[in-house]
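All remarks here apply to the structure that follows.
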Amino acid sequence: MPDRAKVMGALCLCALAYILSEMIKPHFLEDFNFGYFTYVNMVLGVLVGWIFMGKRAGFGIVPAINNGITGVVTLVIIAVAIQSVNEMLRLAMRHRFDGAFEAVLEIIPIGLDYLVLISTVPFWGTALVGGILAGLVIEAVWLRWR
């Protein structure tokens, strides 16, 4: 059932996903083709904000902060997983793997490489502060418009 907290969660995490996606781009190689990278992450932000964060509003300030941190960590994990599968499919189309099982197993090292690549203080600082602010905004919206 849609309510204002879910909509605000979707909007907040969509904006945060855009900011974090743009922060990540300079860390990749210069000729890296991003394609729909930012848009996919923004859609994931909308889904995580709607599904995970919106329904957890209304329990107080500390749970709102926990909700924001949990939401942004969930967003990063899901986004890294999706982008790792995308990279595996790109490499598989170039016949870099001997079989399907080897290709599926390669998702984990690709995801770990991405996590190491994005693990910087500015990224995680922005993610945590943005997640906390998103949780507090969702809580405020829930309290204001029940």
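Coordinate-derived values only; no laboratory data. Here the structure is a predicted model, which means the values were calculated and not measured. All Cβ positions, glycine included, derive from the backbone under ideal geometry; neighbour counts span all protein chains shown.
Relative contact order of the chain, taken over Cα pairs closer than 8 Å and 6 or more residues apart, is 38 percent. Membrane-span-like helices in the chain, defined purely by DSSP H runs whose alpha carbon atoms cover 27 Å or more axially and whose average Kyte-Doolittle hydropathy reaches 0.5, are 4-24, 61-93, 121-144.
Using R0 = 25 Å, the C-beta based FRET efficiency linking LEU136 and MET23 works out to 0.70.
Ordering ALA5, GLY71, PHE97 by the projection of their Cα atoms onto the charge dipole of the stretch 4-98, which places +1 on the Cβ of Lys and Arg and -1 on the Cβ of Asp and Glu, puts ALA5 at the extreme positive end.
Find the eigenvalues of the gyration tensor of the Cα atoms of the stretch 1-84, then list the square roots of 5 times those eigenvalues as equivalent ellipsoid semi-axes, largest first, in whole angstrom.
Values for the stretch 1-84, descending: 26, 12, 10 Å.
Using only DSSP helix segments of four residues or longer, with each worth -39500 (n - 2.57), what per-residue ellipticity at 222 nm results for the chain after dividing by its residue count and rounding to 500? Write out the running numbers ahead of the final one.
On the way: 6 runs with 108 residues, N = 146.
When only DSSP H runs of four or more count, the value is -25000 deg cm²/dmol.
If only the Cβ of Lys and Arg carry +1 and only the Cβ of Asp and Glu carry -1, the dipole of the chain around its Cα centre is close to 720 debye.
Loop-located chymotrypsin sites (Phe, Trp or Tyr not before Pro) in the stretch 89-146 (DSSP state not H, G, I, E or B) with no more than 16 neighbouring Cβ atoms inside 10 Å: PHE97, TRP145.
Measuring r between the beta carbons of ALA92 and GLU30 and using R0 = 22 Å, the FRET efficiency lands at 0.35. Distance between the C-alpha centers of the stretch 61-138 and the stretch 1-28? Whole Å please. Taking the Cα centre of each part, the stretch 61-138 and the stretch 1-28 sit 13 Å apart. At full extension, ALA15 and ALA81 could sit 21.8 nm farther apart than now, given 0.36 nm per residue minus the alpha carbon distance. Here the Debye sum runs over all C-alpha atoms of the stretch 4-144 as equal scatterers in vacuum, and log10 of I(q)/I(0) at q = 0.12, 0.16, 0.18, 0.19 Å⁻¹ comes out as -0.51, -0.80, -0.94, -1.01.
Extension gain, VAL7-ALA100: 0.36 nm per intervening residue step, less the Cα-Cα distance, totals 29.6 nm. Orientation-averaged projection of the stretch 75-146 equals 6.6 nm² [convex hull of Cα atoms, one quarter of hull surface area]. A Förster radius of 22 Å, combined with the Cβ-Cβ distance separating LEU128 from PHE59, puts the computed FRET efficiency at roughly 0.65.
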